[in-house]
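The block underneath contains the structure these notes are about, expressed in structure tokens.
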Amino acid sequence: MLLLPCANCSFNNVVKSELLTFCSNCGKKLDNSYSSWQAKYPNRTLKDWYEQVCIDTDKKQTVNYRRNHPPANKTKMLLIIATGFVLASGIIYYAAKNIYPKVKTAFIESQWKKLTYGALGLYIETPDVLLPYQEKLTDDILKSLQRVEYYKSRDGATVTITLTNAQYNEDIVANVDGSAQAIINSFKNEKTNQHFNYTQQPVQINGYNAVQVSGSYIKDGDDISFQSLIAGKANYLYIVNIAYFTKNMRAKNIAQHIAKSIAIKRENSAGY
């Protein structure tokens, strides 16, 4: 099977014919489509395009799409960790399925933990210490990473939190806007989500460009609110996801406190 990677979101499109023009994941025009590629290289053939640009899974050979984009022009990629585009859906789905509607007084009044998580220096204040966990990564994603770190709230937490810190290879630039759009698209494409509404706005976190996405949706009869913060600079990307039951006002206050506390302290981080 032949696959054509999208430079905008890193999704591998199945090549059914040389007429493939738009990414089936993000909808953007593929700048490495056969027609675009042939315009740049008129003396090359369709077979050359198959061999030099596409990924042949049957041969188990991966063409490095970045080789046509030298480090000086750093390739922008959609840097959603784990299974690429799916991670955005996976993290938020985890949050939605593990929220409990009642907030215990002891939970609210407990001493907040003010910690920097991981060697990449994501600082956040939470009622309880977040726990490290792992995601299964594909070989292609592992090859693009220097480091990736995952943390999440304990099971049963009133407000569910997940963190993802990633450091990519030097020739990859974090696409913050693309990552935010992938999270939004994951909600839109999830058939069990209803009445999905959201807002997004650009923000700055310690000199890092960031996008804040806030919204709500109904899943399995539950009204759930979420906040996502995606920040990046150079080859560093940070994703924070927070979710809670919309009608729980105490949970909302906790989520707002958590969101306001987020900071990036990579340069001075010893990590947790």
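The conditions of being outside any helix (DSSP H, G or I), open to solvent by 70 Å² or more (accessible area, probe 1.4 Å), modelled with pLDDT of 80 or more and farther than 28 Å from Ala166 by Cβ are not met by Lys59.
Taking the criterion of being modelled with pLDDT of 80 or more, of a type outside the set (A, V, I, L, M, F, W, C) and either in a loop (DSSP other than H, G, I, E, B) or within 20 Å of Val176 (Cα to Cα) (or both), the residues of the stretch 2-26 that qualify are Lys16, Ser17, Glu18, Thr21, Ser24.
Restricting to the stretch 127-144, and then to whatever is buried (at least 17 other Cβ atoms within 10 Å of the Cβ) and under 17 Å from Glu170 (Cβ atoms), can you tell me which residue is modelled with the highest pLDDT?
Ranking the qualifying residues of the stretch 127-144, first place goes to Ser144.
Among all residues of the stretch 182-201, there is none that is of a type in the set (Gly, Ala, Ser) and under 19 Å from Ala255 (Cα atoms).
Of the strands (runs of 3 or more DSSP E) lying entirely inside the stretch 191-243, those containing at least 3 residues that are surrounded by 19 or more Cβ atoms within 10 Å (Cβ to Cβ) and at pLDDT 90 or above span 208-219, 222-233.
Among the residues of the stretch 174-187, is there at least one that is open to solvent by less than 20 Å² (accessible area, probe 1.4 Å) and either assigned to a strand (DSSP E or B) or in contact with a Pro (Cβ under 7 Å, 6 or more places away or on another chain) (or both)? Yes, because at least one residue in the stretch 174-187 is open to solvent by less than 20 Å² (accessible area, probe 1.4 Å) and either assigned to a strand (DSSP E or B) or in contact with a Pro (Cβ under 7 Å, 6 or more places away or on another chain) (or both).
Within the stretch 26-40, if we keep just the residues that are open to solvent by 20 Å² or more (accessible area, probe 1.4 Å) and over 22 Å from Asp171 (Cβ atoms), the residue that is nearest to the chain's Cα centre (by Cα) turns out to be Gly27. Count of the stretch 152-170 residues, restricted to those that are open to solvent by less than 20 Å² (accessible area, probe 1.4 Å) and in a strand (DSSP E or B), is 8.
The values are calculated or read from the model by the stated rules, or taken from the named source; none is laboratory data. Note that the structure is a prediction, hence the values are computed from the model and not measured. Cβ atoms come from the backbone with ideal geometry, glycine included; neighbour counts cover every protein chain shown. The accessibility values were calculated without ligands, DNA or RNA, using every heavy atom of the protein model including side chains. Shrake-Rupley method; radii C 1.70, N 1.55, O 1.52, S 1.80 Å.
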